[in-house]
Amino acid sequence: MKRDILEEALSNLNPRRIQEAAESPPGKPFRISRAWGIAAALLITVFSVQIVWSSPLPAVTAYAQGSNEEITSAGAVMQTGTIRDDGSQTGHPLMFYLAGQDIEQVRFSCKNQKIRFEDWTETRDGFGSAQNFTVPYGADPSEYYYLLIDWVPDQTVEALHRPGTSIADLPPTLREDLIVMEIQFSNGKTAVKAIAVSLLDDGTFFAAFTDYKIGPEDDFVSRPDAQSIPREILYGPDGEYPFGDAPVIEGTYQDADPEEPEKRVEFDEIRFFGTIADVDAENNRILVQVEEEFLEKYALNDVIAFDLTPDRLEWLERTGERVEIVCTDFFFLTMPPIGDLISIVIAAEV
């Protein structure tokens, strides 16, 4: 409690009343004056406020999904994924979840690359691949394990696909990244954490989770949040696959055992015909108009987007071509949906 507040409260007391209270015999009734009552109430209030605001912040920790290894301030090499000099990947370089109590919401900001939010409880809106978004957490800490942040270093992968480029040739912006988390608790308190991630020469990733203070140089934190993708689009009104159960684990999140590795769903291949209706050259993406006979069976929309690897960029010049597409039956449910392309060829004449 601050000294000036205490002194102000005591200065309002009549000294004679204080003396009377001190000299009152034991057991003799003593009438409390109005000034004394006000001062006592004020002191109790000040003490109560000080206790609330001096209590420690709830602890928040971060864990790598898949290995459940805690990401500490000392840092560690992630065992969940790698990137090779040729740009090929294994696993997820950094997918993590937060653990704690009474987290109301977390705002995530990624400096250089993009991050994707996956809610295995299927109760929150999504955001696709973005750099800034705010995730509601809620009162049930058992759900936090199923709220995943997947770091997606697509820019690094794209650069490594260029002939003659290796990890050692990459600039710092493609080898280092920072994910800032502005955490708000249900009692109104806030905390800021960050995960710093670095790509090592051998293709592994080093990550550290620390307290963080946002400074003037962190202008990426002030970028606007990505627009959310409503659950109705993510999971559909009927709750059936591929809209329903999250296609990442087997069953629902309530059935999953946090102590056991998640059982991955193997995706099937599907084949259909369509026409390249448009291109997004900035993101190396084509938009394919699906032919009507395949809409009901396979398509989530009459237009599906596909990301092109560097060896397929010639398809950006083939607008209007009728193509035969082979992809998995898993789609990122953005608008339009993004398919997982396996192969694309010019459709044979019928």
Next item on the list: Could you check how many residues of region 199-210 are at pLDDT 95 or above, closer than 14 Å to Thr80 by Cα and among the small types (Gly, Ala, Ser)?
Entry: 1
Check: Among the residues of region 155-163, is there at least one that is surrounded by fewer than 17 Cβ atoms within 10 Å (Cβ to Cβ), polar (S, T, N, Q) and assigned to a strand (DSSP E or B)?
Finding: no
Check: What strands (runs of 3 or more DSSP E) lie completely within region 271-350 and have 3 or more residues being touching a residue at least 12 places away in the same chain (Cβ under 8 Å) and surrounded by fewer than 17 Cβ atoms within 10 Å (Cβ to Cβ)?
Finding: 322-332, 338-346
Notebook entry, point to check: Taking into account only those residues within region 81-120 that are open to solvent by less than 10 Å² (accessible area, probe 1.4 Å) and among the β-branched types (Val, Ile, Thr), which is farthest from the chain's Cα centre (by Cα)?
Noted result: Ile83
Note to self: I'd like the residue in region 123-139 that is of a type outside the set (Gly, Ala, Ser) and in contact (Cβ under 8 Å) with a residue 60 or more places away in the chain and, out of all such residues, is nearest to Val152 (Cα to Cα).
What the structure shows: Gln131
Margin query: So, in region 124-149, how many residues would count as being part of a strand (DSSP E or B) and open to solvent by 20 Å² or more (accessible area, probe 1.4 Å)?
Written below: 3
Next item on the list: Scan region 159-180 and give yes if some residue there is under 20 Å from Ile103 (Cα atoms) and at pLDDT 95 or above, otherwise no.
Entry: yes
Notebook entry, point to check: How many residues does region 62-75 contain that are part of a strand (DSSP E or B) and open to solvent by 40 Å² or more (accessible area, probe 1.4 Å)?
Noted result: 2
Next item on the list: Considering only region 184-204, state which residues are β-branched (Val, Ile, Thr) and within 14 Å of Val157 (Cα to Cα).
Entry: Thr204
Next item on the list: Could you grab me the full set of residues in region 166-197 that are within 22 Å of Ile83 (Cβ to Cβ) and open to solvent by less than 40 Å² (accessible area, probe 1.4 Å)?
Entry: Ser166, Ile167, Leu170, Leu174, Asp177, Leu178, Ile179, Ala194, Ile195, Val197
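The values are calculated or read from the model by the stated rules, or taken from the named source; none is laboratory data. Just so we're clear, the structure is a prediction, and the values are computed from it rather than from any experiment. No Cβ is skipped: glycine too gets one built from the backbone with ideal geometry, and neighbour counts run over all protein chains shown. These area figures cover heavy atoms from the full protein model, side chains too; ligands, DNA and RNA do not enter into them. Shrake-Rupley method; radii C 1.70, N 1.55, O 1.52, S 1.80 Å.
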